[in-house]
1. Sort region 68-176 into rounded, prolate or oblate with this rule: let a ≥ b ≥ c be the square roots of the eigenvalues of the Cα gyration tensor; rounded if a/c is under 1.5, and if a/c is not under 1.5, prolate when a/b is larger than b/c, oblate otherwise.
2. Rounded to the nearest 500 deg cm²/dmol, what is the calculated helix-only ellipticity per residue at 222 nm for the chain, with -39500 (n - 2.57) per DSSP H run of length n ≥ 4?
3. Could I get the Rg over Rh figure for the chain? Both from C-alpha atoms, Rh via Kirkwood, rounded to two places.
4. Treat the count of other C-beta atoms within 10 Å as a stand-in for reagent exposure and order Glu106, Glu40 from fewest to most.
5. Hey, how many Å between the Cα centroid of region 166-202 and the Cα centroid of region 66-138?
6. Hey, fewest Cβ within 10 Å first, where do Glu76, Glu125 land in order?
7. Along the positive direction of the dipole of the chain (beta-carbon charges: Lys, Arg +1; Asp, Glu -1; about the Cα centre), which of Gly167, Val127, Ala57 reaches farthest?
8. Calculate how large, on average over all directions, the projected area of the Cα convex hull of region 24-113 is; give the answer in nm² to one decimal.
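Here, each number is a calculation from the coordinates, and none is a lab measurement. Here the structure is a predicted model, which means the values were calculated and not measured. Every residue, glycine as well, gets a Cβ built from its backbone with ideal geometry; the counts of neighbours run over all protein chains shown.
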Amino acid sequence: MAAASPSEQTGQRRSKRDAIVEAAARLIRAEGVHAASISELIRASDASAGTIYHHFANKNDIVAAVAQAAVVDPLERMLSQREATGASPGQLLRMIVGAVMGGDVESALIVQLWAGSSRDPHLKEIVRSRMAAVHEGLTRELAAWLRLQGEPNADARAIHLAHVTMGQAMGLLAERTILTDLDRDAYLDEAARLLDAAASVAAS
C-alpha cells in the first residue's frame, strides 16, 4: 500500500483537527464550555488523547478554535466582502444578525462561549483577542460612515460605536435564545433605528 502523500497527510491532520473542533462545538452548544473536557472530547470525537494534544495545547485552546471557526471566521468573511465604504451601526447590526440567523453563526453556541468566558479570565482573554479582528472590521466601516456624516472625530467614535453595535447584536442573540417567541424583525427594526438615530444625532 502506497504511503500517503504530504498533501494527503496534511488533509488527514486537518480532518482530525476539524473533527475535534466540531465535537467540542457540539458539547459546548448542548451543555456549556465546562462539558468540553478532554475525556468527553475523546469520546465525542473518537480521537485519542495523544491526537488531541498533538493539535491543541489544552482545553482553552480547543474552545478558542471553536470560537474562531463558529463565530470569528463567519463574521470576518462577512466584513471582508465589503470595501470599507461605510455602513451605519444599524446596517452592521442587521448584517451581524443576518449572518447568525442565516446559519453562518449559531446563537446558542455564542451564548455558551460568552458564558464560559465570563467565568474563566484566561479564556475570556483568548476569546477577546480572537474577536479583535471582527471589531477592527466594524470600526473601519463605522469610521467611513461617520466621516460621511461630517463627524470630525470619526476614528475615535467608531471604536466605541463598534462595541455598542456588537453588544446590541449579542444582546439580541442572548434574548432570542431564552425568548423563543421574540419578534426578531420588530426588535431588529427598533434596535437599528435607535442605533442610527443616536449615532447621527451625536455626529450632527
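1. In terms of gyration-tensor shape, prolate.
2. Helix-only estimate at 222 nm: -25500 deg cm²/dmol.
3. Looking at the chain, the ratio lands at 1.05.
4. Ordered from fewest to most neighbouring Cβ atoms within 10 Å, Glu106, Glu40 come out as Glu40, Glu106.
5. Value for the Cα centre distance between the two parts: 15 Å.
6. Ascending Cβ contact count within 10 Å gives the list Glu125, Glu76.
7. Positive-most Cα among the choices belongs to Ala57.
8. 6.7 nm²
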